[in-house]
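Input: a single structure, listed below in structure tokens.
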Amino acid sequence: MMPEEIYVPTHLLVAPVLIPLVAGALMLFYHDRYRQLKLGLGTAALLALLVVSIEMISRVKGDGGTFVGTYLMGNWPVPVGIVLVLDRLSAMMVMLTTLLAIPALIYAAAGWQGKGQHFHSLFQFLLAGVNGAFLTGDLFNLFVFFEVMLAASYGLMLHGSGVERIRHGMHYIAINLAASLLFLLGAALVYGTAGTLNMADISRVVPLLEGPQRALFHAAACFLGLAFLIKAATWPLCFWLPGTYAAASPPAAATFAIMTKVGLYVILRLMVLTFGVDAGASAGFGAPVLILGGLATMAYGTFGILGATGFRPRAAMSR
Amino acid sequence: MELILSIAIGVLVGSGVWLILRPRTFQLIIGLCLLAYGVNLFIFAMGRLYVGAAPIMPKGGFVDPNAYADPLPQALVLTAIVISFATTALFLVVMIASRGVTGTDHVDGKERDK
Amino acid sequence: MIAQNLLIMLVILPFLAAGIAATLPGDSRNSEAWISGLAMVAMLGILAALHPEVQDGGKIIAQVRWADSIGLGLSFRLDGFAWLFMVLVAGIGFLVVLYARYYMSPDDPLARFYGCLLAFAGAMSGVILSGNIIQLVVFWELTSLTSFLLIGYWQNRSDARDGARMALATTAAGGVCLLVAMILLGQVVGSYQLDAVLAAGAKIRGSALYMPILILFLLGAFTKSAQFPFQYWLPNAMAAPTPVSAYLHSATMVKAGVFLLVRFEPALGDSQAWFQIVTLIGMLTMLIGAVAALFQHDLKGLLAYSTISHLGLITALAGIGSEEAMVAAVFHIVNHAVFKASLFMTAGIIDHETGTRDMRKLSGLYRYMPVTATLAIIASAAMAGVPLLNGFLSKEMFFQAAYEWNNGTPLDDALPYLATLAGVFSVAYSLRFIVSVFFGPEPKGLPHTPHEPPALMRGPVAVLVVICLAVGILPQQMVGPELKTAMMSILGPDLPYYSLKIWHGVNAALIMSGVAFAAGIMIYLAGHGRFEKMPEGPPLLRNLSGRAAYDWVMSTVMLRYPREILRVTTAPGLQVQLRSMVLLTLAATWFALSRLEWNIPMPTLSLPETVFALLWIVGAICAIGAAWQANYHRFAALVLLGGAGLVTCATFVWLSAPDLAVTQLLVEIVTTVLLLLGLRWMPKRDPDIPRDQSLRARFRRRGDLLIALICGSGVTAIALAIMLTPPGASVGDWFLRHSYSEGGGTNVVNVILVDFRAFDTFGEITVLAIVALTVFALLRRFRPAVESAEKPSPQRHATGSTLYNYLYVPQIIMQWLFAPIIMLAAYLFFRGHDLPGGGFAAGVTLAIGLLLQYLAADVRWIEARLTVLPVRWMAVGLAVASATGAGAWIFGYPLLSAHARYLDLPLIGQVPFSTAMLFDLGVFSLVVGAIVLMLIAIAHQSMRLGPRQRRSAETEELDQLEEATEEAPQPEAPHQDIPRPAAPLATGGAA
């Protein structure tokens, strides 16, 4: 299933994670009252990200979409070390994230940045988390970047404080904490059955699983799938979303839009990799559930839009 | 050994699940902590159990992997412990902030039937 | 390859031209028209070039691969039928553009007009050329959207807005149905490729999902093609500019529905259900449309209802589904497009030159515009089906198909009569259109004096009418080969016998035509002069207004029901959400594990394990006790939680995980301190709020208990199943083998954390930093609960210096302890790579040491002396970690590559050194910073008491005010606060 891998001895792949991370860290050296300076740093980081993502897109364009670039973190060989994977989809998602982040940051500069502490650092960390989740090829590393992303989103969600934000923020955090535990259970179970955490390696092992191992692996897939569906806000796991988006500060809510996509992206990735046509007895596992869930969510969103009274809850429903 | 540990995990998870379905924020946070213990032990158990075989290697020489505990789940648990500690701390602060602004410790920020 | 590229160009070209046309300056109406016209001509050229490829049943398939790894891409497909349809889209498109150049006023925003028109042409091409059924739906919805923009083009007119909205609501709702149908179809067939779907007709008809698929599919097609009962939107869409009506509502968009019917007939047709539904709806629509058209006063209204009627005819033919009927359907699609487009354009000319479209005012226009009138008369004769015109041929074929085809159902028996009846009315309304507009007395009270339009405006009409004539007189020569090509792509190479001749001899169809003409003329004569005085709309059906029904549907379906459904399907409460999450997890796990065969031997207990069992009996009591007590006895629950944590810690020691034990213990301490500090701000659970004792609440608690039990036992079972199966090959072994030789450390766990999987650790410390920042930010705006705003009792009852001496002895001890704790932290840090310990453990230890100082001493005293800047520590930590990681770049290695060796230090001897330790140093620094920031941010809250007490009755307004004032920078980091009345921090446990 895995197309031919081409090792790219370039640090381009890690840049989408590292740039915002370092930018966010650098901002911490300054007191929060230097907001314009932080804004400048953040903008510079975003522009650098834009350049990187354009370069990435142009690199993956060759070979009709079969190009897959990898980056061996720490120079350790593939199933044991952490690897970053770049293909068309991930390159485009990184691009999308950047394109979404730029207007959000500009909007925040108009005032929201001053409503609380450390807005800019949190914003950069969020981007680092999202990009990391898009690029990583390791299941547990994905968990870590999910957490980076979520932690930053908690901060941005609560940015500016206030009753509504705290009330909905608590729901948001509680549900995501529970989902993260589910993710951990799933990832652990994958390691317990498949003996590896590298996504490509998992897909290699899946057809070889036998008997109870396969059933347990499916249980792991269920845990993971549910955790991602919660993040992707699929009905009936989506009730946290309208309140959260409506209560969050607008620039934060705008960036949250990309986070539900992370959930969907990961589902897509893992489904194709692990339960694709080559997965032997597990091929197509869970696909009907996903389709049903998707349709139900669409219907729910439509009813929600029609039934909602204000614009912001409407916009939230349309996701 | 395996049986005891798995029952222990079950008890922790069961208590945790019961608590996160309760309506008070404090119950929720205790439940999340218990769940985190359970999940950490679960991850740890994925490497199978070894007694007296800590993954600390001799300096040099041949290494028989079967003589040592699987180090990877341990590393994962370490990361998981830190992350769950961080998120628990955050939730705690949100919890007291919510108690402050809403005047109730109900998870929905308002008492039932009000 | 060239053909494939040309095919893709065919879809891209209109969108490209749309982009150009839409961005031209507003006053360049000529260049916009030129671009649009050239785009259409170019499309025609491409089609001409591709014609040899599709002849004789050939087809071109072009794939645009986008991301093969997940199977995403675009697929386009051109066969004979699609080719014919594309010629209609591009050809009529060209004529419409030419016509619009003269029709549209220069004051209208023309960039938008041409942009939307071209985008619509592109979307339509997408529908016709899609080789993937999901992609087809996407383009389908795009046609709905662009037509919405075109119908609502004159956005200041309310009828245009209403019509556009109605069209969009109806067709887009149908599009959603179609999407669901296509997804189900793909599931049944196992592929979303059009070719695979079309080839799997038997499989689809045999599927249990056939009926739902069919109904949803037909809903999509019928809404688009304005079939009964969705016909109401088309007359209301006549508020669009006439070129739009001529293009969308005669030739292209409404034909998309019948295109779909014809296209999918091989896959979905050939069943009783298909025949009954499609034919019945088609016939009904045809009849209703024809009758309603006769009673219209608006020219375009008449044409709209006539279009509905003709679409019904094509639908009925697709429903009959015999091979002859399919030929007739395709032929009539073409013919109808040609004569109806020309009639719409004529109506537009009349409107343009006289200022009205009301047939009650129009009369005798032949005198003023003889050429236009002649063209219109020929076109409407084609519409009525007069011999020697194209409409006659396909109508004859329809009559023949209706007459010949038999399957013995009542509907089938009624077909010829219904067909003739519809024919009668179509003759009548065609007559009315001609006679009342062009003949009769001089018109009175027209807004303009009528005259002939510019020749080029009339040109498109003339072209179309010539086609009507040519096809009608020389059918075989004009369209024979093209029709054959199209039919071969639908029916396969073995075509039925059909002949495109004018004279077939006296047969049933000719008799039916004759009857229709005679009866139609009679009806018109009977009603002549009376139509004008009647109110608009047909008798009987007049009150059954589709529009009113639509309005009712809109208000209930679009507003009331959604609210109801939303109320039922939404669960805003957190408990309900978590419960549904847990239940779903249980259901999914049960689903996955139901086939698991439990053949794992049950383990037995040996003696040393009884101690372990005892340990966990205590642990279980702690856990269950914590669950039991957390509601009313928080402190007890906290202690019990700590107990469970300690047992966990002991388990790690027992089971060869010293690193985990150390970390768990340290984190346990910090968590407990945090929770204690937090409890200070959680006022005692109000005993006035009793436990909900209602039946529902009890039931819920029982249910939750059951859920918890199932969860617990489920996790137990899974864990046991894993632990009792021997481990297979895992990557863990690799770490054991290579830790010392390549990672340069003997403590494998630590080497994994700082080297093999350092990226995880990198992310993990980032999480810690983010959380610390968030906690800090949130507490800056902290408003304690009213009940806990009072000072704790030791502070309230203190007199004189008692407060300062309150914790005198512990304070001294803790100050003494500070240095040893620092030593311990350093020790843990340095041995980390080889023995349990490491940067994280060291960091937590140092943080605990600092915290002890806080607990023991006066906050102000300590903040004055201890100038730790936690945010700075965090920044340094992240920077060091990144810099160490990036240092590998200098040597050409990827991020976080480490180098390990042993250093000989004087006195100390050999010390392991690895660049990974520098990374660990970053971890250490960050952990200290983050934990100290969190803890002191909470601890610092006691300083807030003074001013906050006065504001116990705060309101949201005050909060807003505070938000506004906080814009100004304030130096309020905890460590540099303005001195306030001394308040020793005897907080925490007091609560």
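The values are calculated or read from the model by the stated rules, or taken from the named source; none is laboratory data. As the structure is a prediction and not an experimental result, all values here were calculated from the model. When we count neighbours, we look across all protein chains shown, and the Cβ atoms used for this are built from the backbone with ideal geometry, even at glycine. We work out accessible area using only protein heavy atoms, side chains counted, and drop any ligands, DNA or RNA first. Shrake-Rupley method; radii C 1.70, N 1.55, O 1.52, S 1.80 Å.
Miscellaneous remarks
- Rounded FRET efficiency, nearest 0.05, which uses the C-beta distance separating C:THR374 from C:ASN5 and R0 of 51 Å: 0.70
- For the range C:407-465 versus the range B:17-92, the gap between their alpha-carbon centres in whole angstrom: 81 Å
- As computed over the range A:1-137, the Cα convex hull volume per residue (Å³): 104 Å³
- Cut-off under 5 Å, modelled amide H: who pairs with A:ASP138 long-range: A:VAL83, A:MET199
- Carbon and sulfur %, accessible surface of the range A:1-137 computed with the full protein complex present, 1.4 Å: 70 percent
- Spacing of the two label points (7 Å from each Cα toward its C-beta) at C:ILE521 and A:HIS31, in nm: 10.0 nm
- In terms of its alpha-carbon gyration tensor, the range B:2-102 comes out oblate; a/c meets the 1.5 threshold, while b/c is at least as large as a/b.
- Per-residue ellipticity at 222 nm from helix content only, as computed over chain B with -39500 (n - 2.57) for each DSSP H run of at least four residues, stands at -22500 deg cm²/dmol.
- Annotation: peptides C:472-478, C:145-151, C:634-640, ranked by per-residue average of other Cβ atoms within 10 Å with the highest first, follow the order C:145-151, C:634-640, C:472-478.
- From most to least packed by mean Cβ count within 10 Å, the peptides C:301-310, A:200-209, C:155-164 give C:301-310, A:200-209, C:155-164.
- Inter-chain Cβ neighbour average for residues A:127-140, partner chain, 10 Å: 2
- Computed from the Cβ-Cβ distance with R0 of 51 Å, the FRET efficiency linking C:ASP107 to C:PHE891 stands at 0.15.
- Stretchable slack from C:ARG702 to C:LYS684, in nm (0.36 nm times residue separation minus alpha-carbon distance): 3.9 nm
- Partner chain coverage, peptide A:30-42 - average Cβ within 10 angstrom: 2
- At most 14 other Cβ within 10 Å, DSSP loop - chymotrypsin sites (Phe, Trp or Tyr not before Pro), the range C:384-456: C:PHE439
- Based on protein heavy atoms only, the range B:2-102 ends up with 19 Å² per residue of surface accessible to a 1.4 Å probe.
- Comparing B:GLY47, B:GLY14, B:GLY100 in a Gaussian network model of chain B where C-alpha atoms under 10 Å apart are linked, the largest mean-square fluctuation is found at B:GLY100.
- Part-to-part distance (alpha-carbon centres) for the range C:284-304 and the range C:125-178, which is given in Å: 23 Å
- Virtual paramagnetic centre 7 Å along Cα→Cβ of C:LEU456, amide N under 20 Å, in the range C:368-382: C:372
- For the range C:2-549: Kirkwood Rh in Å [reciprocal of mean 1/r, alpha carbons]: 23.2 Å
- For the range C:425-531, the spread of Cα positions along each principal axis, largest first, Å: 60, 38, 22
- Put the Cα centre of the range C:34-62 next to the Cα centre of the range C:819-851 and the gap is 75 Å.
- Averaged over the residues of peptide C:876-887, the number of Cβ atoms from other protein chains lying within 10 Å of each residue's Cβ is 3.
- Here the peptides C:918-926, C:279-287, A:251-259, C:751-759 are ranked by packing, the mean other Cβ count within 10 Å, and the order with the highest first is C:751-759, C:918-926, C:279-287, A:251-259.
- Links that overshoot a 19 Å alpha carbon limit, given the list A:LYS231/A:LYS261; C:LYS444/C:LYS533; C:LYS59/C:LYS501; C:LYS300/C:LYS340: C:LYS59/C:LYS501
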